[in-house]
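Trainee: First the structure, which I've put down as structure tokens, then a few questions once you've had a look.
The values are calculated or read from the model by the stated rules, or taken from the named source; none is laboratory data. The shown structure was predicted, so the numbers you read here are calculated from the model rather than taken from an experiment. Note that each Cβ is placed from the backbone with ideal geometry, even for glycine, and that neighbours are counted across all protein chains shown.
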């Protein structure tokens, strides 16, 4: 974690953080959200699986672009890409959003899909979205609603790899923000500066999820959960998978697969600093295929 | 636990148990007590501790201690927290010997092991050598009970790439020592 004593960073126009580049889903949500792209589905369309894919902290809808590209023009299922609240916008908007704002965007699309008549919903969360979805389950969000048929989590974060994160409330005001080490390709899709307020929100939600798991909670009755977790991950500690395994109390509804990878959110390969190997591509494809298999079997 | 690590711990315990007889010419002091340890950002772990010092060794300022603390007696008690054990040894040096409140510094080592309870997690690091430094204050109460608080830093901790993920760097300790001898 790189830090600075300046309160606000100097933001280049090339960065997502600036006032020129935004997540494209803000300009044309109908191309990203199924509820807006096809708000009046036929009975057949409404019964197709809809993957509601949600990105991680400081990322944007781009994180799931490769799944969309891989899916091509399939008519077997839909992919609805959610932009988390406070994300994909300016640095100031990112700074002022809480984790509940991040989460609300998931709820908005979930409820809009139900309202439109879609009934075969599958929640997919990477990294922090994994924590946001777990929080929603633990706090009873799905009680009384049509529940997701499957919940698929890729590198969910419950235990941070950076073990100093719990101190962000104390150290944050001193450092102001941290700077990510993004590649040239990543700078328009990921925030390059992370205000300490956002890191404090991240710590707040993962701490809540950890405590909820510690007490234990069950999945919605008809839901199945699968967790795909990299064995070496510099952002979401692999022990996160252990806590989920121990904390979800319903039997036979959770499957964990440990993925032999050193990438955080190993399903996104584009614009990585590390060279991408054939094995990385294979793991990505296997996971996409597995997600489809689970959705089609339920 | 590796075989060599088991021998190191066993050897340390045996040496500790034999210290009073080895140093017959010296007056030794043995404390026993309880330790409560909180990783900053994670679990509360509780357990048992003991330490020994000698009049003629650094004027009773140097203590050699052993302890066992576990989340089984803390956060994991009746919850889904990960069960993890710390086998600890340490060397502490106390300043201002005749004061009721004495500052001290410690160099700590030992062995850490977490129980992930499922084969699927066998690919993850679950154990580690412990190496930490800590410092704090000890208050000797009128009834001889010593209350001791410290802050410490684990030099070896998990970082997502290596090491157990629930071994955190910063910790606080509250110890209660009572003199046996």
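Trainee: Is there any pair linking a residue in segment A:219-242 that is closer than 16 Å to residue A:152 by Cα and away from chain B (no Cβ under 12 Å) to one that is modelled with pLDDT under 95 and not in a strand (DSSP E or B), with Cβ under 8 Å and at least six apart or on different chains, and which?
Mentor: Close Cβ pairs (under 8 Å, with a partner that is modelled with pLDDT under 95 and not in a strand (DSSP E or B)) amount to A:219/A:250; A:219/A:253; A:223/A:253; A:224/A:253; A:224/A:298; A:225/A:253.
Trainee: Restrict the check to segment A:133-145 and report whether at least one residue is in a strand (DSSP E or B), more than 14 Å from chain B (Cβ to nearest Cβ) and either at pLDDT below 95 or under 18 Å from the mean Cα position of the chain (by Cα) (or both). Quick ask: steps written out before the conclusion?
Mentor: In the first step, residues of segment A:133-145 are kept if they are in a strand (DSSP E or B); the result is none.
No, every residue in segment A:133-145 fails to be in a strand (DSSP E or B), more than 14 Å from chain B (Cβ to nearest Cβ) and either at pLDDT below 95 or under 18 Å from the mean Cα position of the chain (by Cα) (or both).
Trainee: Given the criteria surrounded by fewer than 21 Cβ atoms within 10 Å (Cβ to Cβ), more than 10 Å from chain B (Cβ to nearest Cβ) and over 19 Å from residue A:268 (Cα atoms), does residue A:149 qualify? Spell out the reasoning first.
Mentor: Numbers: surrounded by fewer than 21 Cβ atoms within 10 Å (Cβ to Cβ): yes; more than 10 Å from chain B (Cβ to nearest Cβ): yes; over 19 Å from residue A:268 (Cα atoms): yes.
Considered against the rule, which asks whether it is surrounded by fewer than 21 Cβ atoms within 10 Å (Cβ to Cβ), more than 10 Å from chain B (Cβ to nearest Cβ) and over 19 Å from residue A:268 (Cα atoms), residue A:149 comes out as yes.
Trainee: Select from segment A:32-64 the residues that are within 18 Å of residue A:89 (Cα to Cα) and outside any loop (DSSP other than H, G, I, E, B) and list them in ascending order.
Mentor: Residues of segment A:32-64 within 18 Å of residue A:89 (Cα to Cα): A:32-33, A:54-64.
Within segment A:32-64, A:54, A:61, A:62, A:63, A:64 qualify.
Trainee: Just wondering, is there one or more residues in segment B:106-119 that are within 30 Å of residue A:262 (Cα to Cα), within 13 Å of chain A (Cβ to nearest Cβ) and in contact (Cβ under 8 Å) with a residue 60 or more places away in the chain?
Mentor: no
Trainee: Moving to a separate point now. Would you check if there is a residue in segment B:31-40 being part of a loop (DSSP other than H, G, I, E, B), at pLDDT 95 or above and farther than 19 Å from residue B:146 by Cα?
Mentor: The answer is yes, given that some residue of segment B:31-40 is part of a loop (DSSP other than H, G, I, E, B), at pLDDT 95 or above and farther than 19 Å from residue B:146 by Cα.
Trainee: Determine whether segment A:22-38 contains at least one residue that is touching a strand residue (DSSP E or B) at 6+ places or on another chain (Cβ under 9 Å), modelled with pLDDT under 95 and surrounded by fewer than 16 Cβ atoms within 10 Å (Cβ to Cβ).
Mentor: no
Trainee: Restricting attention to segment B:127-180, which residues are part of a strand (DSSP E or B), within 12 Å of chain A (Cβ to nearest Cβ) and surrounded by fewer than 21 Cβ atoms within 10 Å (Cβ to Cβ)?
Mentor: Of everything in segment B:127-180, those that are part of a strand (DSSP E or B), within 12 Å of chain A (Cβ to nearest Cβ) and surrounded by fewer than 21 Cβ atoms within 10 Å (Cβ to Cβ) turn out to be B:153, B:170.
Trainee: OK, next. Would you check if residue A:186 is in a helix (DSSP H, G or I), at pLDDT 95 or above and either away from chain B (no Cβ under 12 Å) or closer than 27 Å to residue B:121 by Cβ (or both)?
Mentor: So residue A:186 does not fit the description; no.
Trainee: Only one of B:79, B:92 is assigned to a strand (DSSP E or B) and at pLDDT 95 or above; which? Walk me through how you get there before you give the answer.
Mentor: Values: B:79 fails: assigned to a strand (DSSP E or B).
The match here is B:92.
Results for (1) within 14 Å of another protein chain (Cβ to nearest Cβ); (2) surrounded by 19 or more Cβ atoms within 10 Å (Cβ to Cβ); (3) more than 30 Å from residue A:295 (Cα to Cα), shown as yes or no for each residue.
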site: A:163; (1), (2), (3): yes, yes, yes
site: A:167; (1), (2), (3): yes, no, yes
site: A:170; (1), (2), (3): yes, no, yes
site: A:176; (1), (2), (3): no, no, yes
site: A:180; (1), (2), (3): no, no, yes
site: A:191; (1), (2), (3): no, yes, yes
site: A:194; (1), (2), (3): no, yes, yes
site: A:199; (1), (2), (3): yes, yes, yes
site: A:209; (1), (2), (3): yes, yes, no
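Trainee: Among the numbered criteria (1) in contact with a strand residue (DSSP E or B) (Cβ under 7 Å, 6 or more places away or on another chain); (2) at positive phi; (3) surrounded by fewer than 22 Cβ atoms within 10 Å (Cβ to Cβ), which one does residue B:78 miss?
Mentor: If we test residue B:78 against (1) in contact with a strand residue (DSSP E or B) (Cβ under 7 Å, 6 or more places away or on another chain); (2) at positive phi; (3) surrounded by fewer than 22 Cβ atoms within 10 Å (Cβ to Cβ), just (1) comes out false.
Trainee: A further question on this structure: What residue, of A:219, A:269, is more than 24 Å from residue A:101 (Cα to Cα) and part of a loop (DSSP other than H, G, I, E, B)?
Mentor: After ruling out the rest, the residue left standing is A:269.
Trainee: For segment A:94-125, how many residues meet the condition of being surrounded by fewer than 16 Cβ atoms within 10 Å (Cβ to Cβ) and farther than 24 Å from residue A:50 by Cβ?
Mentor: So the answer is 1.
Trainee: Now a separate question. Would you mind stating whether residue A:188 is within 14 Å of residue A:58 (Cβ to Cβ) and over 20 Å from the mean Cα position of the chain (by Cα)?
Mentor: So residue A:188 does not fit the description; no.
Trainee: Please go through segment A:244-266 and give me each residue that is part of a loop (DSSP other than H, G, I, E, B) and either surrounded by fewer than 18 Cβ atoms within 10 Å (Cβ to Cβ) or more than 9 Å from chain B (Cβ to nearest Cβ) (or both), ordered by number.
Mentor: Passing the criteria: A:249, A:250, A:251, A:252, A:253, A:260, A:261, A:262, A:263, A:265, A:266.
Trainee: Could you identify the single residue in A:228, A:177 that is over 17 Å from the mean Cα position of the chain (by Cα) and part of a strand (DSSP E or B)?
Mentor: That would be A:177, the only listed residue that is over 17 Å from the mean Cα position of the chain (by Cα) and part of a strand (DSSP E or B).
Trainee: If a residue must be within 12 Å of chain A (Cβ to nearest Cβ) and touching a residue at least 40 places away in the same chain (Cβ under 8 Å), how many such residues does segment B:72-93 contain?
Mentor: Count: 2.
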